[in-house]
Amino acid sequence: MNGAINGILFDLDGTLLDHRGAAPDALTAWVSALAPGHPRLAEAAALWAALEIPHLAAWQAGECSWQEQRRRRVRALCRELGVEPPADLEAGFAAYAEHYRRGWAAYPDVAPALARLRGHTFGILTNGSQGVQEAKVRALGLDLGPVLTGECLGGQFKPSPGCYTAAARALGLPPEQVLLVGDDLDKDVRGPAAVGMPSVWIDRLGAEPAPAGFPRITSLTELPQLLALLAARP
């Protein structure tokens, strides 16, 4: 990673917003209301997270609407748990979503890190729905420039190379001058390399070393120092 960094793109869920805290709590509360005392309640959040992957991918590929992928996820979870799905699947998802919204919170390192990073052009690059992700940013009180999703980037979602080039263009910068910070190794770290965009892996779980050639941080408060080190390189 060489050259001047003039822009920073942040992933949202798991990077700025504590999705890992909000989503499991919300799903547990929702299943508890749907099927009180269910014997697999402790597994429900992990099942829901696993179901999110294929159903979001189907939406991103244009195979179904945003609302339909939500209904499919509710139906699939209920089938896995062996419970009767809500008669109104959309209302069922809305009940989960309300629990989820109540848990939206920024990680405690976000505000102090951003205060030290002013002077860069900011943006948020996320694979979620435009409306939902914008609502999250408003709820967190963040002022980080445009919220960029595949819905406003010509249908290009991470890790499509076109997603990163379009996001850099939205910031008015070439990809090599924009740093992407995120928690997903494929979508936020390896993916940008295809277009020459530098990236940093935020490993909030302290899981493992970063892939060779990619910086790793465990808190956003480490980012200003990392940028200073990069700027000092010849």
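The values are calculated or read from the model by the stated rules, or taken from the named source; none is laboratory data. Not measured: the values here are computed from a predicted model. Here the Cβ is made from the backbone with ideal geometry for all residues, glycine too, and neighbour counts use every protein chain on show. What goes into the accessible areas is simple: the full protein's heavy atoms, side chains included, and nothing from ligands, DNA or RNA. Shrake-Rupley method; radii C 1.70, N 1.55, O 1.52, S 1.80 Å.
Relative to the present Cα-Cα distance, how much length would full extension add between Ala33 and Glu52 at 0.36 nm per residue of separation?
Taking 0.36 nm per residue and subtracting the Cα distance, the gain is 4.8 nm.
Taking 1 over the mean of 1/r across every pair of different Cα atoms in segment 38-130, what Kirkwood radius in Å do you get?
Numbers: mean 1/r = 0.0637 Å⁻¹.
This gives a value of 15.7 Å.
What is the gain in length, in nm to one decimal, between Glu43 and Ala210 on full extension, counting 0.36 nm per residue of separation less the C-alpha to C-alpha distance?
Details: separation 167, 0.36 × 167 = 60.12 nm, distance 2.87 nm.
Working it through step by step, the gained length comes to 57.2 nm.
Under 11 Å from a point 7 Å along the Cα-to-Cβ line of Trp66: which residues of segment 131-170 have their amide N that close?
Residues passing the 11 Å test: 131-136, 149-152.
Can you give the net charge of the other residues whose Cβ lies under 14 Å from the Cβ of Ala58, counting K and R as +1 and D and E as -1? Mind dumping the intermediate values first?
Working: positive: Arg70, Arg71, Arg72, Arg73, Arg75; negative: Glu52, Glu63, Glu68.
Net local charge, Ala58 excluded: +2.
I'm a student and want to see the number: the projected area of the Cα convex hull of segment 124-234, averaged over all directions, in nm².
Details: hull surface 29.5 nm².
The directionally averaged projection comes out at 7.4 nm².
Please compute the contact order of the chain in relative form: average sequence separation of alpha-carbon pairs under 8 Å and at least six residues apart, divided by the residue count, as a percent. Intermediate values should be presented prior to the final figure.
Numbers: 354 pairs, mean separation 58.9, N = 234.
Averaging sequence separation for qualifying contacts and normalising by length gives 25 percent for the chain.
I'd like to know how the chain sits against the 2.2 N^0.38 Å rule of thumb: what's its Cα Rg over that expected value? Kindly include the intermediate steps, with their values, before the conclusion.
Numbers: Rg = 18.6 Å, N = 234, 2.2 N^0.38 = 17.5 Å.
With N residues counted in the chain, Rg over 2.2 N^0.38 Å equals 1.06.
First compute the accessible area of segment 95-135 with a 1.4 Å probe, then give the percent of it belonging to carbon and sulfur atoms.
Details: 1030 of 1820 Å².
Roughly 57 percent of what the probe reaches on segment 95-135 is carbon or sulfur.
What does DSSP give for the chain in terms of the percent of beta bridges that are antiparallel, rounded to the nearest 5? Walk me through the intermediate numbers first.
Values: 1 of 18 bridges.
In the chain, approximately 5 percent of DSSP beta bridges are antiparallel ones.
Taking the solvent-accessible surface of protein heavy atoms with a 1.4 Å probe, what is the per residue accessible area of segment 1-96 in Å²? Numbers along the way, then the final one.
Numbers: 4380 Å² over 96 residues.
Here the residues of segment 1-96 average 46 Å² of exposed surface.
Ranked highest first by the average count of other Cβ atoms within 10 Å around their residues, in what order do 4-11, 106-113 fall? Can you show the working numbers first?
On the way: 4-11: 21.0, 106-113: 16.9.
Ranking the peptides 4-11, 106-113 by packing returns 4-11, 106-113.
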